[in-house]
Every structure is written in C-alpha cells, then in structure tokens.
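The values are calculated or read from the model by the stated rules, or taken from the named source; none is laboratory data. Bear in mind that the values here come from a model prediction, so they are computed numbers and not experimental data. Please note: Cβ atoms are built from the backbone with ideal geometry, for glycine as well, and neighbour counts cover all protein chains shown.
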Amino acid sequence: MADRPAEAARLEAELGRDGELVLDRLEEWAVSRGERTFIYYGEEDRTVSFAEMERLCSNIAAGLRGLGVGAGDRVALFLTNPLVATLSMFSLWRVGAVYCPINYSLTGSLLGHQLRDLEPRLVIAEESLLPRLASAADVLAEPDLVVHRPARDDHDFDPALSGATAEHCRTVGSFADLLAGGADGSRAPQQPADLANILYTSGTTGPSKGVLQSHRWMNQFSYAPRRLIDRDDVVYNDLPLYHAAGAISNVVRAAWVGCEVAMWDRFSAGDYWRRIARRGATTAILIDVMISRLVAAPRKADDARNTLHCVNLTPLPEKHHELARRFGLDICATAYGQTETGLGALALIDQFPDGGGTPPELYRGRPREEMLEFARRSGYPVFRGDREIRKGLMGAPSVFVEAAILGPDDEVLPPERYGQLAFRERLPDLFTAGYWGRPEATAELLANGWLHTGDAAVMDDDGLLYFADRMGNFIRSKGENISSYEVEELVGEHPDVRLCAAVGVPASEGDEEEVAVFAVLRSAAEVGAADLEDWLHRNLPRHMRPGHVRLLDDLPRTPTNKVQKFRLRDSLLAELGTRPGGPGR
C-alpha cells in the first residue's frame, strides 16, 4: 500500500513525458519543425506544414470566436473531407470547444437522433451533405450552420450542389470565412481533465450514445501507439474522423510525435499501395474488410517492396502471418481499444524474427528493435508471427489500467473463466466520464468502481486478455457459455452462406437460451431454411445447434457496417410472440 503513491507518481510522469496536451506539442513543432509536412492530403496532392497548421488553426479559432463559439460549446462536424475535419478539430480545441463529429453516412432519424442529443452550438457541414442535414435538422430550432463549399478546382466540387442551402438551419458563414480569421486566435486555457470530444458509439446494441472524452483520454489512448513511431515515420489514414481510430490514433498521434499523416477520403484497395509509395507511409490501421480486399488482389512479385512496416490488426486475423509475408510487414500490433476506455490492452507480433520484412533501403521511422524493446519494457507480450497464437488475442493490459474479468455480480473471476471485461484507472481522468445526457447508462457503465466494457473475454494464467464476444451476444445454452462469434464461424463454413449472425433468445423451457441463426445466402444458392438447419444440426456441436434458422436478404447494420443483432433478436421475438426474459415459443 505504501508504494501506491510512488507508483502513481511514476505513471503520471510516464504519461506526461510528451506533455499532457496535444496542442502544446503542435505549437512546439510549429517552432522547431515549422517547414516539415504535418498533413499530406492525397485527394488534392496538398501539403500542410506544422507552421501552416498553427497559422490556419489560429485563423479558424478567431473565426469561431467571432461566431460566439467558446469554452465548453459543442460543435457538430458533418464532413467527409478529412483535411477540413482535422483543421476544425484542432481549432475547436484551441478555443476550448468540444469536437463532436457525426458519421457522414447518417440521414433521417439516425442523424436527427444525434443532433437532438447533442444540441450543438454550431454545425460545420459540407455542401454535399446539406440535403441529409435538411432531412433531420428540423429536430432543432434552426441550428447555426457553417458550410464548407469546395472551390471549383477542388476534387469534391459538385456544380449541381454549388450554392445549396439546408432548410431548418441558419447559415452564419462558410468555412472559407473561418479560414480568413478574425481578431483573436489565441488558445483558451486548458486542463487535461477538460472535455475535448463527444464521439458516438456504433449503435449495435441500441441507439448510439455520446461518449465523453477528455484531453487526458486522448493522451492515454495514443500513448503506446506513439512509442511505435518517431518523427521520420509517416502515418497513413483513410479512416473517417468520426471514429477515434482515425481522429486520435492516427491524426492526433502524428501531431503528438511530430511526424506526417498522409490522409485520403476513404479506403481504396486498387490505389492502396500507390498511396503508400507516394508518401513512403510506414504505419497504418487495417480493419477486416480492408485486409480481405487487399489479399483478394492478384499477387505481384514485388508485393513486399513497400515502406509499410508496422500495422495495427484488430481483431488479429487468423492468417496474419500470411498477410505479413506477402506485403513485408515487420510488426503487427493487436489491441483492445474502445471509445469509452481508450487503449486497454496491447500485444506485438514480430513477423520476421529471423530476418526479412521491409527491404532495408525502404525502411524509415522507428527501428524495429526499438518497438520490440518498448513492448518488453512495458510488459506487453511479443509473439513470433510464424507460430500459433491463441484466437482472440488482445494483449496485456495497458500500464495505466487494471483489468479483470467480472461475473454477473461484478465478482472477479479466476483465469480461464469467461465473463465481462472491465478496467480500473491507475490515474484519474483516463477513461470516459460517461455518456452525454445519459446518467443511468453512465451509472451502469461505471458501477462498483469498474468500467464495464460490455465485451466478454477471458484472462489466461499469464494475465493476457482474449476477446470472446459482446456480452449481449454471449449465449447460455444447454449448460454451456457460447460465443456467437464461434457459432457464426461454423455457420459460415456452409458453402452457400454468404453472411450470418447468431443471437440468443429465451428457451422454450428453463431460464437458459437457445441459438437463433440468421443467414444471407449466395445468389446461386438453392438451399432453403430447412436444408440449412439440417446441415447445421449435423455439423455443429449439440449445445450450438440452433433452435431457429431464418433466411434474410441482408442483415441490418449500423452506418459503420456493424450488424445490429438487437434488431434481429427483437424481430424474432415479435414473430414468436414473446419478449426478452419472457416465455419461449
């Protein structure tokens, strides 16, 4: 117990070694690395230096103040253009306002929900998105609106939309007006605990919720990933800036380190490697759909001759080593990250411990040996990529948190027992303070001193964490805990199944559940629901065999392409004439 203050002081010093506020770092680079490129915007082949970034943000901050935006004000961004979003994000922090990005694919009631929830002081939106904004903006009393109108020679200029307006909104200026500046572009006073962002959850288990994130949240989220790069690295980003992965793990991380971030509007499998080569990008985040599209491309003899040497693969795909060999990826990181927790766990995979990977003449940025040494020194495991790795690996808990697997009464479970993954802070203000305007959901999230992630996981005897499923997707059937993820993998082995989802519904007898499977078949499939159910009963373990099989044209999804299992469950319960927790069929 006597060592706790000393340990807290050590962690405080470690977290603050790069400074607690990213704006401090950006100001430092504007002086010491002023002419070096901070942003490369690939869609328009444009570069923004650190010094220009400081000047532009000062101008925009002055323009925001001229519109009455100040400390604590929520400003919603409805933008596809990542350069405009990045400039807006840093400028909002400069005046002490709150960055509130909205998924640009939202429309109608989904968009209206977030606008009504936020009640923003100002909305910054793209001209091309004004029709969507108009479809939902009547939920507010004429919100103030700043419109980004692309110039005629910009890549996203659309003459058909030039001069468009949004009904139910009061246009108070253009983004060009903000860039022109005003009288006061100075920084507002800031503390690490101050609110920086409200980022919305994906809405897989119900309506999306606004997650409150402080400046310190951004520090701890990007801290370990910052140790994997240096000022000679180039961070590649094609992820949207309404997600923490794109906005914080990529853009803010680069700003903190003082390196370049090369950004494009969206992912392109056909142009991916040309983009990497254009800027010599060294590190990136690859999610599952990106990986499958890159792997599906025809093989080339020089696939491995590229500068990309460190990638984040979360979740870690089964064939990660095959991916690394083909494209020369030296280090693969896998982790547990969440809008609420930030970075909870991390592991590194050394794909070429015996030599290979990125050609030496193309390698730049943080040396491989330094990345591995950081991991080992910090207690993060390093695995060999050419050896089997247990499925679901997330890594060891971050040095700034305590992790546990909790049972139904929040009791800490022993190793190898499945339960809910939960974290405790070792320092204050590392996690979210809760959900915007949702005191009951916040109390549930932070009950009993733990942040409850809503994810089912297991911890092994060495303290490493492995993902199992979302808690709401964990099924208790025939005396067994079943991961819907595992059921879906087995169902997906049927040659005619293109997509599938598994959920639990109340069993006809007892207090347990039975498995329900929803499948989307390939276009040429000739099987019916009864045929598929028969195949599943022959090929799945007894406790995983479904009690219900339904064929659908598609699976309901969130705007971020995640399956909304609660809608599948509710539709089946309505069909069966029951409700959650009620009698079965």
Task: Test for Ala164: is it under 22 Å from Ala71 (Cβ atoms), assigned by TED's automatic domain parsing to the domain that holds Leu133 and either out of contact with any helix residue (DSSP H, G or I) (no Cβ under 6 Å at 6 or more places or on another chain) or in contact (Cβ under 8 Å) with a residue 24 or more places away in the chain (or both) - done: no
Task: Candidates Trp436, Trp450 - the one that is under 26 Å from Gly16 (Cβ atoms) and touching a strand residue (DSSP E or B) at 6+ places or on another chain (Cβ under 7 Å) - done: Trp450
Task: Criterion (crowded, with 21+ Cβ neighbours inside 10 Å, hydroxyl-bearing (Ser, Thr, Tyr) and not in a strand (DSSP E or B)) met by exactly one of Thr453, Thr432 - done: Thr432
Task: Failed item, numbered, when Asp230 is tested on (1) without any contact (Cβ under 8 Å) to a residue 24 or more places away in the chain; (2) farther than 22 Å from Thr80 by Cα - done: (1)
- [ ] Count, please, the residues in the stretch 376-392 that happen to be out of contact with any Lys or Arg (no Cβ under 7 Å at 6 or more places or on another chain), free of Cβ contacts under 8 Å to residues at least 60 places away in the same chain and closer than 22 Å to Ala457 by Cα.
- [x] 3
Open item on the list: Out of the residues in the stretch 290-334 meeting the condition of being surrounded by fewer than 22 Cβ atoms within 10 Å (Cβ to Cβ), small (Gly, Ala, Ser) and assigned to a helix (DSSP H, G or I), tell me which one is nearest to the chain's Cα centre (by Cα).
Closed with: Ser292
TODO: Say whether the condition of being over 30 Å from Gly454 (Cα atoms) and either aliphatic (A, V, I, L, M) or in the same structural domain as Leu430 (by TED's automatic domain parsing) (or both) is met by at least one residue in the stretch 360-367.
DONE: yes
- [ ] Considering every residue within the stretch 43-61, establish whether at least one is within 24 Å of the chain's Cα centre (by Cα) and in a strand (DSSP E or B).
- [x] no
TODO: Give me the pairs, please: first residue somewhere in the stretch 541-566 and modelled with pLDDT under 85, second residue anywhere and among the basic types (Lys, Arg), beta-carbon distance under 6 Å, and either six or more positions apart or on two chains.
DONE: His543/Lys478
Task: Qualifying residue in the stretch 562-574 (condition: surrounded by 15 or more Cβ atoms within 10 Å (Cβ to Cβ) and over 24 Å from Arg476 (Cβ atoms)) - done: no
- [ ] Taking Arg278 as the residue in question, decide whether it is surrounded by fewer than 19 Cβ atoms within 10 Å (Cβ to Cβ), more than 16 Å from Arg368 (Cβ to Cβ), charged (D, E, K, R) and at pLDDT below 95.
- [x] no
Open item on the list: Of everything in the stretch 476-509, what is at pLDDT below 85, surrounded by fewer than 20 Cβ atoms within 10 Å (Cβ to Cβ) and more than 20 Å from Pro315 (Cα to Cα)? Give them in sequence order.
Closed with: Arg476, Lys478, Gly479, Glu480, Asn481, Ala507, Ser508, Glu509
- [ ] Identify, by number, the condition in (1) part of a helix (DSSP H, G or I); (2) touching a helix residue (DSSP H, G or I) at 6+ places or on another chain (Cβ under 9 Å) that Arg550 doesn't meet.
- [x] (1)
TODO: State whether the residues of the stretch 68-75 include one that is within 25 Å of Trp217 (Cβ to Cβ), under 22 Å from the mean Cα position of the chain (by Cα) and surrounded by fewer than 24 Cβ atoms within 10 Å (Cβ to Cβ).
DONE: yes
Task: Those residues of the stretch 521-547 which are part of a loop (DSSP other than H, G, I, E, B), under 19 Å from Ile482 (Cα atoms) and among the aliphatic types (A, V, I, L, M), in sequence order - done: Leu540
Open item on the list: Exactly one condition in (1) within 23 Å of Val98 (Cβ to Cβ); (2) assigned to a loop (DSSP other than H, G, I, E, B) is false for Arg17; which is it?
Closed with: (1)
Task: helices (runs of 4 or more DSSP H) contained in the stretch 75-137 and holding at least 1 residues modelled with pLDDT of 95 or more and within 18 Å of Arg149 (Cβ to Cβ) - done: 82-94
Open item on the list: Let me confirm something: among Glu440, Glu416, Glu402, which residue is assigned to a helix (DSSP H, G or I) and either charged (D, E, K, R) or under 30 Å from Gln351 (Cα atoms) (or both)?
Closed with: Glu440
